[in-house]
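Quick notes on the structure that follows.
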Amino acid sequence: MTLFSVSRPIRFSLSLFALLFAVPLAPTFAADVDGRQFVPMSPEARVEMRAEMLDFLTALQQIITAISEGKPGEAADTAENLIGLSAMGRHRDAAPNARPGRFMPKDMHMIARGMHAAASDFAKVARTGDPVKALGALQAVTGACVACHRSYRTQ
């Protein structure tokens, strides 16, 4: 009897092949299949937009928490003040090169404006106190986030 069976070197060869060739190609392949539209943006505008998106994500967490705790007024205030139409214009005092909106294609800008309007609409519905309707209205806000992130990228 030999120490190695015939199948052992073959398994080792296939594993070595996968390690050497297939794994390093995976990140390149993933980047190649990203079908989102690239939006060239200054580094300053990208930093501003990323900070704003993180703030929106935090606000969404606060909104969902408030709804789950039976505090529809708090959810409405958070939505309107941090995401809604009242929150627009955050970058108006920034240097022109740090204003994300000036780099956005028209359709991307429309999605962003739609998200702000949806948050204001959600706030009105949330104030009725009906959590089911409020969650239904919140879907338009998160749907705008999904639509934008599935359609556009800045890097």
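The values are calculated or read from the model by the stated rules, or taken from the named source; none is laboratory data. Just so it is clear, the structure is predicted and the values come from calculations on it, not from any experiment. Cβ atoms come from the backbone with ideal geometry, glycine included; neighbour counts cover every protein chain shown.
Asp77 falls short on exactly one of the conditions (1) modelled with pLDDT of 95 or more; (2) surrounded by fewer than 18 Cβ atoms within 10 Å (Cβ to Cβ), and that condition is (2). Residues in segment 127-138 that are of a type outside the set (Gly, Ala, Ser) and buried (at least 19 other Cβ atoms within 10 Å of the Cβ): Leu138 only. Here the condition is being loosely packed, with under 10 Cβ neighbours inside 10 Å, at pLDDT 95 or above and of a type outside the set (Ser, Thr, Tyr); of Pro72, Pro40, Pro27, it holds for Pro40 alone.
Matching residues to (1) touching a strand residue (DSSP E or B) at 6+ places or on another chain (Cβ under 9 Å); (2) in contact (Cβ under 8 Å) with a residue 60 or more places away in the chain:
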| position | (1), (2) |
| --- | --- |
| Ile83 | no, no |
| Met88 | no, no |
| His109 | no, no |
| Ser120 | no, no |
| Val132 | no, no |
| Leu135 | no, yes |
| Tyr152 | yes, yes |
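The residues in segment 62-74 that are within 14 Å of Leu135 (Cβ to Cβ) and within 20 Å of the chain's Cα centre (by Cα) can be counted, and the count is 3. Tallying residues that are over 16 Å from the mean Cα position of the chain (by Cα) and touching a residue at least 12 places away in the same chain (Cβ under 8 Å) within segment 93-106 yields 8. Being within 17 Å of the chain's Cα centre (by Cα), assigned to a loop (DSSP other than H, G, I, E, B) and among the basic types (Lys, Arg) is a condition met by at least one residue of segment 32-53.
Meeting the requirement of 2 or more residues that are under 30 Å from Asp34 (Cα atoms), the helices (runs of 4 or more DSSP H) wholly within segment 54-151 are 106-126, 131-151. In segment 93-126, the residue that is nearest to Leu82 (Cα to Cα) out of those that are charged (D, E, K, R) and crowded, with 16+ Cβ neighbours inside 10 Å is Asp121.
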